[in-house]
1. Each residue of segment 192-202 in order: what ³J(HN,Hα) in whole Hz does its phi give by Karplus 6.51 cos²θ - 1.76 cosθ + 1.60, θ = phi - 60°, with x for Gly and Pro?
2. In Å², and per residue, what accessible area does the chain have when probed at 1.4 Å with the other protein chains present?
3. Carbon and sulfur: what percent of segment 146-209's accessible surface (1.4 Å probe)?
4. If amide hydrogens are placed 1.01 Å from N in the peptide plane, which non-local residues have theirs closer than 5 Å to the one on Ile34?
5. Just for the chain, what percent of DSSP beta bridges are antiparallel, to the closest 5?
6. Quick check for me: using +1 on Lys/Arg Cβ and -1 on Asp/Glu Cβ, what's the dipole size of segment 64-209 about its Cα centre, in debye to the nearest 20?
7. State the extension gain, in nm to one decimal, for the chain segment bounded by Ser168 and Arg192, taking 0.36 nm per residue of separation less the distance between their alpha-carbons.
8. Given H placed 1.01 Å from N in the peptide plane, which residues other than close sequence neighbours of Ala57 have an amide H under 5 Å from its amide H?
Amino acid sequence: MAEICRLGVLISGSGTNLENIARKIEEGRLPARIAVVISDREEAYGLVRARKHGLQAVFVDPGSFPDRVSYDRELIRILRENEVDLVVLAGYMRLVSPEFVEAFRNRIMNIHPALLPSFPGTSGVADALAYGVKVTGVTVHFVDEGLDTGPIILQEAVPVLPGDDVESLHQRIHEVEYRLYPEAIRLFCRGRLRVEGRRVAVLEEEESR
Ligand code: GAR
């Protein structure tokens with residue numbers, strides 16, 4: 001890995017996780033650099049947030065590619081060109097192709113707003129609420145070929161309160177995400193994550209040297 005851990009952040013929407021990571025880096029609390037931000041949606045507000053923080057931010061239009069594989073090849077090219085060590089999916093709502101997973105095996109992280117394997121997919125908060133669970137949460141995991149099925153790095157529970165709607169619950173989930181994602185990235189960048197089958201071991205500082 002290069003001296004400073006280089007991140008490539010993929011977004012589709014608002015980008016508050018992206019901005020939180022950018023802030024932590026600016027404050028010197030996360031030893032990493034965001035090398036490039038890529039969005040699959042032109043109107044994603046995360047692109048505006050990224051540029052506000054002086055980051056290189058690009059929209060890559062899925063409509064300009066015949067299929068998912070060729071789209072993902074373009075992303076792989078951009079991420080490699082920017083010498084990215086870790087790909088960070090932050091509200092990126094597309095399933096990545098097996099070729100993409102292989103290109104960055106165990107170097108792609110995703111954050112999901114539920115306790116996986118419960119409520120995978122793009123509406124984890126609403127699905128948990130509709131199901132009536134009393135506890136949901138946040139999962140950070142490595143990405144494999146499945147939908148939200150990769151080895152779990154960190155998880156934290158969030159209680160569902162009696163008056164909750166999707167917005168209030170998502171807001172409390174976001175607060176946990178803003179702590180958990182930088183922590184997982186920090187562990188990766190310090191070489192403290194080891195994937196052992198489905199399990200991810202978090203090594204002590206001295207074990208990682
Ligand atoms: C986050 O809550 C993230 O967990 C979720 O999208 C939100 C993005 O918010 N991701 C998924 O649902 C992935 N399936 P943000 O754009 O403000 O960071």
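The values are calculated or read from the model by the stated rules, or taken from the named source; none is laboratory data. Note that this is a predicted model, so its numbers are computed, not measured. Ideal geometry is used to build each Cβ from the backbone, glycine not excepted, and the neighbour counts take in all protein chains shown. Heads up: the accessible areas ignore ligands, DNA and RNA and are worked out on the full protein's heavy atoms, side chains in. Shrake-Rupley method; radii C 1.70, N 1.55, O 1.52, S 1.80 Å.
1. 9, 10, 10, 7, 10, x, 7, 9, 10, 8, 9
2. Result: 49 Å² of accessible area for each residue.
3. 49 percent
4. Residues meeting the criterion, in which the H sits 1.01 Å from N, are Leu7.
5. The antiparallel proportion sits near 45 percent.
6. That gives segment 64-209 a dipole magnitude of about 200 debye.
7. Full extension of this stretch gives 5.3 nm more.
8. Correct list: Val37.
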